[in-house]
Amino acid sequence: MDTTGKRLGRLALALIGGVVGLVVGWVLFVDFGGTTGRILGVLLALAVGILGLRTAGNLAENVLAPYNVAEVAVEGPITRDGGSPLPTQPGGVPADAVVEQIEQADEDRNADALVVRLNTPGGEVVPSEDIRDAAAAFDGPTVAYATDTCASGGYWIASGCDHVVSREGSIVGSIGVIMSNVNAKELADKVGLEYERIAAGDYKDAGMPLKEFTEDEREYLQGIADEYYEQFVERVTAGRDLNPETVRETEARVFLGPEAKDRGLVDELGDEETVEDYLETELGRPVETREFVPPTSPVERLRGGAASVAYAFGAGVASVLGSDGASGFRLR
C-alpha cells in the first residue's frame, strides 16, 4: 500500500539525490572551472543535479514502491510474437513479451501478488501454455481476472492461476482445440492450377489446400487435435480441481459468468474491487496495483473488444498454412 510515509520517503530521497548531484556538479564545473566558463559550469552543475534527482527518484520508487501487486494484461488473440497471420484478424498478444513481464514481476521484491487480466478469444497452443506456466510459477497469490472474453487459450492461462474472477457478462470457457483448412482443389481445377507434390515424408503436405485430404491424413491431424485437447483437459482439471468428465461435458462451449461459476470454471463474479478484496485477504493488508506493460505499441494494446469477440465465435480461429505447408492448431 502507498502510505504517507512512503510518499514522504520517496520525496526525501529524490531531493537528497538532487542536492548531492547539484553540489558535486558545482564543485566539478564551477569551483574548478574558472571564471571563463562560469556560466557553462553553472549549467553543467544544474544538469548533474537534475540527473541526481532522477536517479534518486528511480531508486526511491524501487525501495519504497507504491505498489504490492503486479498486473499483466493478455488482450487479443495469443500468438508467439503478436503478429496476425491474416490481415482480417485482429492483432495478437505477444506471448514472449507477456511471459517476460510476469517473470519481471516475480523478480520484483515489491510485487507480492499477480493479477492476469484476460480479454482474449484464445490463440496458439504453445504460447498460451508458456503464459500459463509463467503465471503458475509466480511466487505469491495469483488471480485471473476475465473482463470481456476469456475463452480457449485465455482460459488455458486462467486455469493456472489460484483464483478466477469474471464479470457477469464475461464470455468464459471454450475448452477445445480446432484445426481448419480451406480446400481449394475444385477452384484450382477450374482455373487450371495443378498441385504437384515434391516432398519427403508421407504426411509432409497433409492439409495442403490444393489437394484433397486422404483418410490417413485426416486421421493423423485429428490425432494431433485430440492430443492437444487432452492436454487442455488435464490443465483445467489440475488447475481448477475438477473432474475430467466435468470439463469434457462443457463440449468446448462458452458460458456467461454465472453459468461459468456454477460449472466451477470461475470462483467469483465481480470487478476490480472483487480482485482487490481477495488479494487483501490473501496478503493480510491493503493492496496497490502496478501494471507491467509489454513493449507493444498503443495500437496493438487497444485491439480487442468487438473484434476479439467476433474472433472467438469463428471469424479468426481457423488455422492458416505455415511456410512449410503444415496446418496449425489453435485453442478455441
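The values are calculated or read from the model by the stated rules, or taken from the named source; none is laboratory data. Here the structure is a predicted model, which means the values were calculated and not measured. Here the Cβ positions follow ideal geometry from the backbone for every residue, glycine too, while neighbour counts run over all protein chains shown.
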Exercise for review: Evaluate the following for Gly207: is it part of a loop (DSSP other than H, G, I, E, B), among the small types (Gly, Ala, Ser) and in the same structural domain as Thr79 (by TED's automatic domain parsing)?
Suggested key: no
Review point. Taking segment 269-281, which residues are under 16 Å from Cys161 (Cβ atoms), surrounded by fewer than 17 Cβ atoms within 10 Å (Cβ to Cβ) and touching a residue at least 60 places away in the same chain (Cβ under 8 Å)?
Key: Glu272
Check your understanding: Within segment 147-158, is there a residue that is free of Cβ contacts under 8 Å to residues at least 40 places away in the same chain and in contact with a strand residue (DSSP E or B) (Cβ under 9 Å, 6 or more places away or on another chain)?
Key -> yes
Practice item. Answer yes or no: is there a residue in segment 239-250 that is under 22 Å from Val116 (Cα atoms), in contact with an Asp or Glu (Cβ under 8 Å, 6 or more places away or on another chain) and in a helix (DSSP H, G or I). Key: no
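Quick grid of which residues meet (1) free of Cβ contacts under 8 Å to residues at least 24 places away in the same chain; (2) surrounded by 17 or more Cβ atoms within 10 Å (Cβ to Cβ); (3) assigned to a helix (DSSP H, G or I):
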{"position": "Gly169", "(1), (2), (3)": "no, no, no"}
{"position": "Lys190", "(1), (2), (3)": "yes, no, yes"}
{"position": "Leu193", "(1), (2), (3)": "yes, no, no"}
{"position": "Tyr220", "(1), (2), (3)": "yes, no, yes"}
{"position": "Glu230", "(1), (2), (3)": "yes, no, yes"}
Exercise for review: Specify which of the listed residues (Gly140, Gly83) is surrounded by fewer than 18 Cβ atoms within 10 Å (Cβ to Cβ), at pLDDT 95 or above and in a loop (DSSP other than H, G, I, E, B).
Suggested key: Gly140
Practice item. Quick one: count up the residues across segment 113-137 that are outside any helix (DSSP H, G or I) and either touching a strand residue (DSSP E or B) at 6+ places or on another chain (Cβ under 7 Å) or not assigned by TED's automatic domain parsing to the domain that holds Pro258 (or both). Key: 12
Review point. Quick one: would you say Glu280 is under 22 Å from the mean Cα position of the chain (by Cα) and either at pLDDT 55 or above or of a type in the set (A, V, I, L, M) (or both)?
Key: no
